[in-house]
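**Q** Got a structure for you, questions after.
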Amino acid sequence: KIVTQYNFLKNYIPNESKVKILGHPAPFSKKEITEKVQQAIEKIGFETRTFFDGKNYEMAIIAANKCLKTTGLLPSQIDAFILGTNTGEGYPSGADHVKNGLTLLYNEKSRSNAMCYDMTEACTVGSIAVFNGWNLIKSGACKNVMVILSEKGTELADPKEWTESNLFGDAAAALLLTRSDKESFIFFDIDSLPNDGNLTAIYKNENGYFKQDTRKVHRFVGDTVSNALTTSIQRAEIDPSKINHIIAHQPSKKTLDFLERHIKEKIPTFKGKFHWDIKDTGNTSSVSTPALISKLISTGKIKRGDFIFVTTFGAGTSFGNYGFTY
């Protein structure tokens with residue numbers, strides 16, 4: 001279901017938390033809730049978010065099924081299922097559930113021999129999972145690899161904490177990587193930087209809920225992520241004027257605004273499009289980049305032959321950049 005920020009504050013946040021947010025006991029007026037919500041929207045950019053009332057792997061199965069229908073393949077033709085997630089149910093792996101769900105949906109006579117495994121690395125897993133799938137094909141071990149990203153982001157944060165729980169949305173995306181005579185991927189540049197206290201930038205508290213040191217996170221994006229974006233282009237010896245689209249992880253308006261300013265200042269020869277798509281989604285963690293790419297392809301904004309630069313980052317400890325030709 002689609003939940004507006006107004007409805008979220010009014011109906012999802014407990015009254016004891018509203019007292020802290022609005023500064024007085026109930027009742028709370030429509031006017032003051034609207035004003036508080038508008039302040040949040042101006043800062044983070046999210047007006048509505050999707051809440052999925054089901055298991056993480058059920059959402060992953062939906063995305064994987066859509067991917068199969070688009071490609072025309074059957075589950076038995078997939079050699080590996082990789083599920084990237086930070087909000088999975090744990091063992092058995094979400095990828096196992098996807099394989100089982102597709103097997104039941106298609107009722108094939110041929111049994112699937114696909115390997116299955118999950119991966120996690122905060123929002124950066126969106127690029128790491130693609131990198132793993134690419135390596136399975138390059139090694140010759142696989143011909144077709146399905147990479148699925150699925151996040152129940154709305155369960156990450158404590159609903160009592162307004163400033164964190166109003167950030168996340170639920171979403172899933174899937175893409176097929178397949179062996180080809182022509183290489184589509186130009187480069188991968190992935191790194192982990194847990195030093196200098198970065199491991200405490202984003203973490204889970206004693207109740208298992210998301211917490212962050214906002215200042216550290218913004219400093220990480222401002223220093224490390226923005227510089228890595230520029231450095232990746234240089235290392236790969238890419239002419240920025242040849243990049244048609246830059247797709248960044250979509251965590252908030254503030255972060256995306258900063259990255260766009262950095263690109264315009266540090267990479268002046270880039271004349272392509274830096275894409276935003278956050279108004280209706282919330283932060284969907286690892287899903288944000290493939291979901292946005294899918295949307296841009298389906299609306300015709302990404303065309304065959306376009307060069308796409310993808311930048312992902314998460315938890316104040318890692319980033320993953322890659323480039324490919326669609």
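**Q** Tell me the per residue accessible area of the chain using a 1.4 Å probe; a whole number in Å² is fine.
**A** The answer is 49 Å² per residue.
**Q** Let me ask something else about it. Run the numbers for Glu32 and Ile2: contour at 0.36 nm per residue of separation, minus the present Cα-Cα distance, in nm.
**A** Values: separation 30, 0.36 × 30 = 10.80 nm, distance 2.21 nm.
Roughly 8.6 nm would be gained on extension.
**Q** Once R0 is set to 22 Å, what does the formula 1/(1 + (r/R0)^6) return for the Cβ-Cβ distance between Thr231 and Glu260, expressed as a FRET efficiency to the nearest 0.05?
**A** On the way: r = 18 Å, r/R0 = 0.81.
After rounding to 0.05, the efficiency reads 0.80.
**Q** Could you work out the relative contact order of the chain, using alpha carbon pairs under 8 angstrom and six or more residues apart, expressed as a whole percent?
**A** Details: 629 pairs, mean separation 72.0, N = 326.
With pairs under 8 Å counted, the relative contact order is 22 percent.
**Q** With the dipole of the chain worked out from charges on the C-beta (+1 for Lys and Arg, -1 for Asp and Glu) around the Cα centre, which of Ile278, Leu104, Gly305 lies farthest toward the positive end?
**A** Most positive-ward Cα: Gly305.
**Q** Work out, step by step, the length gained on full extension between Thr325 and Tyr203: first 0.36 nm times the residue separation, then minus their alpha carbon distance; give nm to one decimal.
**A** On the way: separation 122, 0.36 × 122 = 43.92 nm, distance 3.49 nm.
Result for the pair: 40.4 nm of gain on full extension.
**Q** Further question: Cα convex hull of the chain: how many Å³ per residue?
**A** On the way: hull volume 47.0 nm³, N = 326.
Once divided by residue count, the hull of the chain is 144 Å³.
**Q** Please work out how much length the chain gains when fully extended from Ser241 to Thr103, using 0.36 nm per residue of separation minus the C-alpha to C-alpha distance, in nm with one decimal. Working shown, then result.
**A** Numbers: separation 138, 0.36 × 138 = 49.68 nm, distance 4.47 nm.
Answer, rounded to one decimal: 45.2 nm.
**Q** Turning to a different aspect of this structure: Would you mind working out the magnitude of the charge dipole of the range 84-132 relative to its Cα centre, with +1 at each Lys and Arg C-beta and -1 at each Asp and Glu C-beta, to the nearest 20 Debye?
**A** It works out to roughly 240 debye.
**Q** So, one more: Once you list every other residue whose beta carbon is under 14 Å from the beta carbon of Glu260, what net charge do they have if Lys and Arg are +1 and Asp and Glu are -1?
**A** Numbers: positive: Lys253, Lys254, Arg261, Lys264, Lys266, Lys271, Lys273; negative: Asp257, Glu265, Asp277.
Net of charged neighbours comes to +4.
**Q** Now for a different question. Would you please put 16-24, 144-152, 116-124, 86-94 in order of how densely packed they are, using the mean number of other Cβ atoms within 10 angstrom per residue and starting with the highest?
**A** On the way: 16-24: 13.9, 144-152: 28.2, 116-124: 21.7, 86-94: 17.4.
Final packing ranking: 144-152, 116-124, 86-94, 16-24.
**Q** Right, something else. In terms of Cα to Cα distance under 22 Å, which lysines are near enough to Lys10, apart from those fewer than 8 places away along the same chain?
**A** List returned: Lys1, Lys18, Lys20, Lys30, Lys31, Lys36, Lys43, Lys152, Lys160, Lys279.
**Q** Accessible area of the chain with a 1.4 Å probe: how many percent of it is carbon plus sulfur?
**A** Working: 8030 of 15940 Å².
Its accessible area is 50 percent carbon and sulfur atoms.
**Q** What is the magnitude of the charge dipole of the chain about its Cα centre, with +1 placed on the Cβ of each Lys and Arg, -1 on the Cβ of each Asp and Glu, and no other charges, expressed in debye to the nearest 20?
**A** Working: 40 positive and 35 negative charges, 168 e Å.
In total the dipole reaches around 800 debye.
**Q** Taking only DSSP H segments of four or more residues, each worth -39500 (n - 2.57), what value at 222 nm results for the chain once the sum is divided by all its residues, to the nearest 500 deg cm²/dmol? Each step should come with its number before you reach the end.
**A** Values: 10 runs with 112 residues, N = 326.
Result for the chain, helices only: -10500 deg cm²/dmol.
**Q** Got the relative contact order for the range 120-239 handy, in percent, Cα pairs under 8 Å and 6 or more residues apart?
**A** Working: 101 pairs, mean separation 24.2, N = 120.
Dividing the mean separation by the residue count of the range 120-239 yields 20 percent.
**Q** Moving on. Order of 27-35, 269-277 by packing, highest average Cβ count within 10 Å first? Write out the running numbers ahead of the final one.
**A** Values: 27-35: 12.0, 269-277: 15.3.
Listed from highest to lowest mean packing, they are 269-277, 27-35.
**Q** A follow-up question, please. Out of the DSSP beta bridges found with both residues in the chain, what percent are antiparallel (nearest 5)?
**A** Numbers: 30 of 49 bridges.
Around 60 percent antiparallel, to the nearest 5.
The values are calculated or read from the model by the stated rules, or taken from the named source; none is laboratory data. It should be emphasised that the depicted structure is a prediction, and the values quoted were computed from it without experimental measurement. Neighbour counts run over all protein chains shown; Cβ positions are idealised from the backbone, glycine included. Just the protein is used for accessible areas: all its heavy atoms, side chains included, with ligands, DNA and RNA removed. Shrake-Rupley method; radii C 1.70, N 1.55, O 1.52, S 1.80 Å.
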